[in-house]
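Worksheet for the structure shown next.
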Amino acid sequence: MSDGIHSRYEPQAIEARRQAAWRERNAFRTPPLIDDQPHLYIKPSAPFTSGNIHIGHVRSYSIGDAYARFRRARGEAVLFAFGFDAFGLPAELGAIAGGEPPSDWVERCATHMTGQLERLGFSFDWERSFLSSDAVMYRWSQWLFLILLDAGLIYRGTGNVDWCEHCETTLASIQVEPGGTCWRCHGPVRLIELPQWYLRISAYLEENDRRLEELAAGGVWDEVALGSQQIVLGRLDGVELELGAPDGSALTVFTPYPEALGEARFVLMSARHPDADEWASDAAVSEQLDQLRTGGWERSSREAETIPVIDTGRVVLGPDGATLPVLLSPLVDSRFGPTVVFGIPTSDRTDEVIARRLGLDVPEVADSAADAHAYEQDDDAPADRRAPVPGSRPAVRYRAFDFTISRQRSWGTPIPVVYCESCGTVPVPREQLPVLLPLDIRPTGTGNPLAELEEFVQTTCPSCGGPARRETDTLDCHFDALWLWVPACVPPEAREDSLEEILALPDLRHWLPSERLVAGSDSGNFVFDQRIVTKALRDIGPLAFLADGEPFAGCLFHEMVVSDGRKMSKHLGNVVDPDELIDQYGADTVRLAVLYAARPQRSLNWSDSAVLRCHRFLAQVWEYSHRKIAEAGADPARAVEAVGSTGGTEQTRDTSEHLRLKLSQWCAAAVEKTTEDMENLEMHTAVRNVMRLFDRIKDFEKRVIARDGELSRANRDALLEALTLLAQMLGPLAPHLAEELWLAFGNDEHGAQMPWPVVSLRVPA
Ligand SMILES: [Zn+2]
Ligand SMILES: [Zn+2]
């Protein structure tokens, strides 16, 4: 086993052997439910079926997989499975480019990407993987839609969408070119108003906020993930006051600058405020408001200089009796949510710009008091640093708000609603799900092919049996993501069961909440909304067992992989192709390099030196270990015996007991530190600790030989033991090489999987 054949590091051969062995023994199948066995569900991100696994995916899954393997090695039952986020624009655009139906495109991509992931040796339970675009899966979205609609958490509203007249289609914001033109025909894009389905996340903003403290206290949400939740929430602390108007009406007005209330010059109301129409009752003002709602302001919503501001012609009385004009503007929303705020030019740069635009009297301001980001509240500035203004009370506003979940596109989950002439809007009964998406649609970029498919559109009303038309908007794939963390918990044999049966499975109670989500730092919005929907499903009933309404007990957000400090893109020619790297260096090297190169919370600036360093390291570990095994004899167990029979003479030469003690201390320290690193998903330091241990093992040998001229039996045993321990610690980091070494050290493949080493600081007898 340890002769010349295996002593050269040949990663391709090693990795093929290990992957075949893992497949054969179904090594990563989710273990059966045993309540008293420690168990955890690690949730990786669900990639879009975009075509290829890129190096960012490799980073993400290398972290998650190392963690999964580490926890398995400690004897815990691990659920680690994933699915593809297969609906939505990336797949639709890919299909358009390839001239094929999106369902074919998605199948092809998923097969290819699965092959890439298998080649990297990720330990997913493949039996549980899925495509969100399979009917058995997207019925989850339809079921969720109906249940949230029923609970009043989905509603019909009116929203602005980008529309290309030439292509007769709505555009996603990424399809609008920087100059405000269409990605496809480069024609002008208009904002038009369309009826949309909205998700009422506002119902749970306060609870999401409240839980943040608990998540932080739990210590298993890393700082990037927690920070993202705060950013999405956009909490602002301040005060609010009831202001009266001369005509007897009243308005609740908020400000994050209570100490500057005396400087207020106007109040600014969001066009989405529930009372906006009432305050804009004057015919001319109402017309302006309509125009504002359908106008082109969203494109430049950050420029205070150009966004429409409407003077309603009405006033309220400020706290000191001054009359404050009531203005309407979308400038409120992005800063404070759909509310009403005081305009305080001395405290807020945007307010200062508005005041000047309106020709209001603006007091002279020191620059520092009115910087461009004054509304981004300074944590160090307590809201109550001055005596509270009479009548004011502490108040909170959130920038997060309800958003649209419907899209005028064909590659998505059909919305289970029909429109009947006599009954109106009728939800499709749950037992009739799924509403199937026709698979022969071919989006071209113009129109909505689903709306043009009469056999889809024409249906009968589930309520009266009369003719009805189906909703032809589909759900945004963001909506699918709201539940994508659940189905991995469903055993494959139960996947086709009714959702009621699935939700009653003990498996969900066993695995949820997920112990850790490992995802990119751009997942903040997804996670925020998943946290909201979990709370809704807790209150409605199906997830009542998740008392705190949190889908993830822990969360790690990693940063992107960049090149020369820039995002990788084909255009810049700086894309790193994982397949090429694997061809050249093997999967273990690529995985180790992405873990080694940077802390997960930092951008990984790609350089080949990390790959070269890790490859050299693995090759040395491989070759050195095999050399030592060979020196100990073809069979290490026999070798120990053989050396033992001639022990007498060796014992006399062994004056290196203190070095053995040193080695055992180094090993113990390495295990202790690496264990802690792995527990905290700090794989970059784990790799460094393992590398350092390897240097120390070689150093031990050098020092012993310098002293004794050769290795005694005890020293050789100690050396092999240390190398075995090194292989064990490499198990989660470079799993193919590690397991082959573990076997080469005489351990049994059919035994349990390679265990994580336990610290034992042995003092020689
Ligand atoms: Zn166009
Ligand atoms: Zn009807």
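When segment 133-191 is filtered for residues that are of a type in the set (Gly, Ala, Ser), over 22 Å from GLN291 (Cβ atoms) and modelled with pLDDT under 85, the ones remaining, listed by number, are ALA172, GLY179. Across segment 414-459, the qualifying residues are those that are aliphatic (A, V, I, L, M) and farther than 19 Å from ASP134 by Cβ, and the one among them that is farthest from ligand 1 (Cβ to nearest atom) is VAL426.
Restricting the search to helices (runs of 4 or more DSSP H) fully inside segment 211-325 and requiring at least 1 residues that are over 33 Å from the mean Cα position of the chain (by Cα) gives 276-279, 283-294. Here LEU725, LEU719 are screened, and the one residue that is touching a Cys at 6+ places or on another chain (Cβ under 8 Å) and part of a helix (DSSP H, G or I) is LEU725. Restricted to segment 473-485, and to residues there that are out of contact with any helix residue (DSSP H, G or I) (no Cβ under 6 Å at 6 or more places or on another chain) and in a loop (DSSP other than H, G, I, E, B), the residue that is farthest from ligand 1 (Cβ to nearest atom) is TRP485. What number of residues in segment 168-193 are within 13 Å of ligand 1 (Cβ to nearest atom), under 17 Å from ARG409 (Cβ atoms) and outside any loop (DSSP other than H, G, I, E, B)? Counting residues in segment 168-193 that are within 13 Å of ligand 1 (Cβ to nearest atom), under 17 Å from ARG409 (Cβ atoms) and outside any loop (DSSP other than H, G, I, E, B) gives 7. Hey, does segment 194-209 have a residue that's modelled with pLDDT under 90, part of a strand (DSSP E or B) and within 16 Å of ligand 1 (Cβ to nearest atom)? Looking for residues that are modelled with pLDDT under 90, part of a strand (DSSP E or B) and within 16 Å of ligand 1 (Cβ to nearest atom), one finds none in segment 194-209, hence no. Residues to consider are SER609, SER563; find the one that is out of contact with any Lys or Arg (no Cβ under 9 Å at 6 or more places or on another chain), over 23 Å from TRP221 (Cβ atoms) and touching a residue at least 40 places away in the same chain (Cβ under 8 Å). Selected residue: SER563, the only one of SER609, SER563 that is out of contact with any Lys or Arg (no Cβ under 9 Å at 6 or more places or on another chain), over 23 Å from TRP221 (Cβ atoms) and touching a residue at least 40 places away in the same chain (Cβ under 8 Å). Answer yes or no as to whether GLY94 is farther than 23 Å from VAL435 by Cα and in a loop (DSSP other than H, G, I, E, B). So GLY94 fails the test.
Against the numbered list (1) within 11 Å of the chain's Cα centre (by Cα); (2) without any contact (Cβ under 8 Å) to a residue 12 or more places away in the chain, PHE526 comes up short only at (2). Considering only segment 470-513, state which residues are hydroxyl-bearing (Ser, Thr, Tyr) and under 13 Å from the mean Cα position of the chain (by Cα). Across segment 470-513, there are no qualifying residues.
Being under 30 Å from GLN584 (Cα atoms), surrounded by 20 or more Cβ atoms within 10 Å (Cβ to Cβ) and in contact with a strand residue (DSSP E or B) (Cβ under 6 Å, 6 or more places away or on another chain) is a property that SER62 lacks. The residues in segment 452-474 that are among the aliphatic types (A, V, I, L, M), within 26 Å of ALA172 (Cβ to Cβ) and within 16 Å of ligand 2 (Cβ to nearest atom) can be counted, and the count is 1.
Okay, residues lined up against (1) β-branched (Val, Ile, Thr); (2) modelled with pLDDT under 95; (3) over 20 Å from the mean Cα position of the chain (by Cα):
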| site | (1), (2), (3) |
| --- | --- |
| LEU79 | no, no, no |
| LEU89 | no, yes, no |
| PRO102 | no, yes, yes |
| TRP105 | no, yes, yes |
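Restricting attention to segment 152-189, the residues being of a type in the set (Val, Ile, Thr) and either within 16 Å of ligand 2 (Cβ to nearest atom) or touching an Asp or Glu at 6+ places or on another chain (Cβ under 9 Å) (or both) number 5. For segment 399-437, filtering for residues that are farther than 17 Å from CYS477 by Cα and away from ligand 2 (no atom under 16 Å from the Cβ) leaves 6.
Report, by residue number, each residue of segment 315-329 that is touching an Asp or Glu at 6+ places or on another chain (Cβ under 9 Å) and crowded, with 21+ Cβ neighbours inside 10 Å. Across segment 315-329, the qualifying residues are VAL326, LEU327, LEU328.
The values are calculated or read from the model by the stated rules, or taken from the named source; none is laboratory data. Given the structure is predicted, the values throughout are model-derived calculations rather than measurements. Here the Cβ is made from the backbone with ideal geometry for all residues, glycine too, and neighbour counts use every protein chain on show.
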